[in-house]
Amino acid sequence: QKEVEQDPGPLSVPEGAIVSLNCTYSNSAFQYFMWYRQYSRKGPELLMYTYSSGNKEDGRFTAQVDKSSKYISLFIRDSQPSDSATYLCAMRYYNTDKLIFGTGTRLQVFP
Amino acid sequence: DAGVTQSPTHLIKTRGQQVTLRCSPKSGHDTVSWYQQALGQGPQFIFQYYEEEERQRGNFPDRFSGHQFPNYSSELNVNALLLGDSALYLCASNFWDRGDSPLHFGNGTRLTVT
């Protein structure tokens with residue numbers, strides 16, 4: 001079993017839809033949780049960075065962490081074609097910078 | 001504000017050869033990490049450098065080695081290349097002394113081994 005599980009998609013939605021992306025993890029020792037966006041032929045770009053359980057909002061993006069269920073989510077409101085990319089969840093333990101990534105979910109937003 | 005820069009962007013090598021990839025961290029950052037991303041997969045941690053020393057290493061063989069220079073830039077070396085080493089190699093940087101310093105990634109070097 002992988003430490004971090006993420007549905008690879010692809011996920012195809014119409015412009016304006018609310019998108020929900022999810023990851024589950026097996027190790028309760030993970031303390032920091034991140035979402036990265038990766039466009040084709042580019043490196044991952046940090047979108048959201050959270051430490052505790054609960055919600056964190058930044059513009060159209062909301063990150064949610066449920067440590068009791070070992071489940072994290074990223075919600076994208078009013079999705080745009082420019083949001084079409086691969087979304088990677090990542091997490092790490094308290095005393096290390098080493099990130100454990102999911103496989104990424106490919107999102108396509110069509111006009 | 002210069003982000004993480006990597007060179008070259010693309011590289012084609014033959015099995016058995018050696019390769020060196022280069023990285024300059026984001027301005028102000030002192031710690032560099034390297035990741036390997038195979039097609040359709042998430043990045044996998046190779047190692048991390050701070051103060052010119054390897055601080056942490058992932059599950060990669062000794063064929064993978066690195067170096068950090070006094071100006072914080074870094075190199076990744078891979079010897080005796082295998083076909084399975086074909087991947088996108090990503091460099092990331094952050095601050096060593098800040099416990100919650102997130103990683104910032106470069107656009108990577110795409111290595112093809114034939």
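The values are calculated or read from the model by the stated rules, or taken from the named source; none is laboratory data. No experiment lies behind these values; they were computed from the predicted model shown. Neighbour counts run over all protein chains shown; Cβ positions are idealised from the backbone, glycine included. Ligands, DNA and RNA are excluded from the accessible area calculation, which covers all protein heavy atoms including side chains. Shrake-Rupley method; radii C 1.70, N 1.55, O 1.52, S 1.80 Å.
Side notes on the structure shown:
- Sole exception among (1) more than 21 Å from B:G40 (Cα to Cα); (2) modelled with pLDDT of 95 or more for A:F101, by number: (1)
- When the residues of segment B:1-22 are filtered to those that are within 11 Å of another protein chain (Cβ to nearest Cβ) and part of a strand (DSSP E or B), the one that is farthest from the chain's Cα centre (by Cα) is B:H10.
- Residues being more than 13 Å from B:Q48 (Cβ to Cβ) and in a strand (DSSP E or B) - total across segment B:66-89: 6
Here is a yes/no grid of residues against (1) assigned to a strand (DSSP E or B); (2) more than 9 Å from every other protein chain (Cβ to nearest Cβ); (3) within 19 Å of A:V13 (Cα to Cα):
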{"position": "A:Q64", "(1), (2), (3)": "yes, yes, no"}
{"position": "A:S68", "(1), (2), (3)": "no, yes, no"}
{"position": "A:F75", "(1), (2), (3)": "yes, yes, yes"}
{"position": "A:Y87", "(1), (2), (3)": "yes, yes, yes"}
{"position": "A:N95", "(1), (2), (3)": "no, no, no"}
{"position": "A:K98", "(1), (2), (3)": "no, no, no"}
{"position": "A:T103", "(1), (2), (3)": "no, no, no"}
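- Hits in segment A:9-46 - residues which are of a type in the set (A, V, I, L, M, F, W, C) and open to solvent by 30 Å² or more (accessible area, probe 1.4 Å): A:L11, A:I18, A:A29, A:L46
- Residues of segment A:47-92 that are in contact with a Lys or Arg (Cβ under 7 Å, 6 or more places away or on another chain), open to solvent by 60 Å² or more (accessible area, probe 1.4 Å) and of a type in the set (S, T, N, Q): A:S53 alone.
- Boolean, B:R98 is within 11 Å of chain A (Cβ to nearest Cβ), in a loop (DSSP other than H, G, I, E, B), basic (K, R) and more than 13 Å from the chain's Cα centre (by Cα): yes
- Against the list (1) assigned to a strand (DSSP E or B); (2) farther than 16 Å from B:L111 by Cα, the condition B:K26 fails is (1).
- Breaking point among (1) away from chain A (no Cβ under 14 Å); (2) within 30 Å of A:P10 (Cβ to Cβ); (3) free of Cβ contacts under 8 Å to residues at least 60 places away in the same chain, for B:A87: (1)
- Residue within segment B:28-47 that is more than 9 Å from chain A (Cβ to nearest Cβ), of a type in the set (A, V, I, L, M, F, W, C) and surrounded by fewer than 16 Cβ atoms within 10 Å (Cβ to Cβ) present: yes
- Test: B:R15 is touching a Leu at 6+ places or on another chain (Cβ under 7 Å) and within 20 Å of B:A87 (Cβ to Cβ): yes
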